[in-house]
1. Could you derive backbone 3J(HN,Hα) for region 109-123 from the dihedral phi with the Karplus parameters 6.51, -1.76 and 1.60 (θ = phi - 60°), listing whole Hz in sequence and x where the residue is Gly or Pro?
2. Using Cα-Cα distances under 8 Å and only pairs 6 or more residues apart, what relative contact order does region 11-70 have, in percent?
3. Could you pull out every residue, at least 5 positions away or on a different chain, whose amide H is within less than 5 Å of the one on Ile65? Hs are placed 1.01 Å off N in the peptide plane, and Pro or chain starts have none.
4. How big is the gap, in Å, between the Cα center of region 98-114 and the Cα center of region 9-43?
5. Please list, ordered by chain and number, the residues whose modelled amide H lies under 5 Å from the amide H of Arg33; skip anything fewer than 5 residues away on the same chain.
6. Using every Cα-Cα pair within region 11-70, state what percent have a distance larger than 16 Å.
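Taken together, the values in this text are just the output of simple stated rules run on the coordinates, not laboratory data. As the structure is a prediction and not an experimental result, all values here were calculated from the model.
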Amino acid sequence: MVTESATTATVVVVHVVGEVKEPGVYDLPANSRVTDAIEAAGGATKDADLTSINLARVLFDGEQIFIGNINSAAAPSTSSSSSSSSSSSTNPAGRININMANAAQLDQLPGISPVIAGRIVEYRNQNGPFRQLTDLKQVSGIGDAIYDKIKDLITL
């Protein structure tokens, strides 16, 4: 599709899912923002929770933008919950998706305090989605010991 290297790419390809009118894969100009991806997907639905995502963040090629539901965002987030909030940030094996989970969900992980959970969300908002699980160690407060406790409980 795009044959230029990632450093000179003029297009980013993103997958927009969740509470948007037309979920799908979109080609956008390099340096586009999350808000541009939502607009390309027909805009947010009336139930979209736009407060949990940084609309001004620059997009990365190959990322998925998940727009949560405002009703499920208010629901308690427990791993045994059957709410769509839980299913959007955990996979069938019960692992927490570190690219989609909110701070309350991340706080449930062993060794992750509310402060560190907030740092994970902030890191993600500033830098985009984690590309590999070990990237989590770039967040202040997460070293090898904490990572070893949670690596089997998380996913991308």
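1. 6, x, x, 9, 7, x, 5, 5, 4, x, 5, 5, 5, 5, 4
2. Values: 130 pairs, mean separation 27.4, N = 60.
This gives 46 percent for region 11-70.
3. His15, Val16, Val17
4. 26
5. The list, which skips near neighbours in sequence, is Leu59.
6. Working: 551 of 1770 pairs.
Value for region 11-70 (Cα pairs over 16 Å): 31 percent.
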